[in-house]
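For reference, the structure is listed below as structure tokens.
The values are calculated or read from the model by the stated rules, or taken from the named source; none is laboratory data. These numbers come from a predicted model, not from an experiment. Cβ placement follows ideal geometry from the backbone for every residue including glycine, while neighbour counts extend to all protein chains displayed. The area values use the complete protein model at the heavy-atom level, side chains included, leaving out ligands, DNA and RNA. Shrake-Rupley method; radii C 1.70, N 1.55, O 1.52, S 1.80 Å.
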Amino acid sequence: ARRANSSSAFRFPPRSQGIVGVSVSSMHETGIATGLLQLIREELSRRGNLRCLAARVEVGELSGVSPEALSFAFEHLAPSHGLAGTRLTIVPVPGRVKCGACGQEGDFPRETWRCLHCQGGPLEVLQGKEMDLRELEVEEK
């Protein structure tokens, strides 16, 4: 879909694997930013003569990724990947869990790590560990 400023947005379906198929729990934010920048470069190469204006990433609160550190690393590494000036928007994804004892689903109980309904567990994480590239805003060079 074209926007008023002649840019386009590419949307990506949700993935549970994390970017580039790598578990975000085993990587530092600099490595994650590098992988993200490489993924953006690959996508731009696939689609033709385009310049990336912005990238939107969803980061789960239970992913172990610091949004501030990721943003900092992205901003400083982007020029070395030919993506200077690309804006990074990080959308937080709240943690959601399901209690193994009572089956109740709800927000991640950060303070207790126990089910808010029955105080039991174990808790299965349903959402909040992911990190997904969701959209690129691009324009023709």
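Of the conditions (1) modelled with pLDDT of 95 or more; (2) more than 25 Å from Ile32 (Cβ to Cβ); (3) among the aliphatic types (A, V, I, L, M), Leu116 satisfies every one except a single condition; which number is it?
With (1) modelled with pLDDT of 95 or more; (2) more than 25 Å from Ile32 (Cβ to Cβ); (3) among the aliphatic types (A, V, I, L, M) applied to Leu116, the lone miss is (1).
Which ones in the stretch 110-141 are surrounded by fewer than 13 Cβ atoms within 10 Å (Cβ to Cβ) and under 19 Å from Ala55 (Cα atoms)? Quick ask: steps written out before the conclusion?
Of the stretch 110-141, the ones surrounded by fewer than 13 Cβ atoms within 10 Å (Cβ to Cβ) are 110-113, 118-119, 122, 124, 140-141.
Across the stretch 110-141, the qualifying residues are Glu140, Lys141.
Output the number of residues of the stretch 54-64 satisfying the condition of being open to solvent by 40 Å² or more (accessible area, probe 1.4 Å) and either of a type in the set (Gly, Ala, Ser) or over 24 Å from Glu43 (Cβ atoms) (or both).
Residues of the stretch 54-64 that are open to solvent by 40 Å² or more (accessible area, probe 1.4 Å), as a first pass: 56, 58, 61-62, 64.
Keeping just the survivors that are either of a type in the set (Gly, Ala, Ser) or over 24 Å from Glu43 (Cβ atoms) (or both) gives 61-62, 64.
Total satisfying the criteria: 3.
Quick test of your reading of the structure: Ser63 fulfils all but one of (1) within 30 Å of Leu123 (Cα to Cα); (2) hydroxyl-bearing (Ser, Thr, Tyr); (3) not in a loop (DSSP other than H, G, I, E, B). Name the failing condition by number.
(3)
Residue-wise test of (1) in contact with a Leu (Cβ under 8 Å, 6 or more places away or on another chain); (2) part of a strand (DSSP E or B); (3) closer than 19 Å to Gly31 by Cβ.
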| position | (1), (2), (3) |
| --- | --- |
| Glu58 | no, yes, yes |
| Leu70 | yes, no, yes |
| Ala84 | no, no, no |
| Pro92 | no, yes, no |
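Please work out which residue is farthest from Leu36 (Cα to Cα), limiting yourself to the stretch 96-109 and to residues that are part of a strand (DSSP E or B) and open to solvent by less than 40 Å² (accessible area, probe 1.4 Å).
Here is the first cut: in the stretch 96-109, the residues part of a strand (DSSP E or B) are 96-99, 105-107.
Going one step further and asking which of them are open to solvent by less than 40 Å² (accessible area, probe 1.4 Å), we end up with 97, 99, 106.
Values: Val97: 27, Cys99: 33, Gly106: 30 Å.
Ranking the candidates gives Cys99 first.
Please identify the pairs in which a residue from the stretch 63-77 that is farther than 13 Å from Thr89 by Cα and at pLDDT 90 or above has its Cβ atom under 6 Å from the Cβ atom of a residue that is among the basic types (Lys, Arg) and part of a helix (DSSP H, G or I), counting only partners at least 6 apart or on another chain.
none
For the stretch 65-95, which positions are in contact with a strand residue (DSSP E or B) (Cβ under 7 Å, 6 or more places away or on another chain), surrounded by 18 or more Cβ atoms within 10 Å (Cβ to Cβ) and farther than 23 Å from Glu139 by Cβ?
Hits for the stretch 65-95 are Val65, Leu70, Val93, Gly95.
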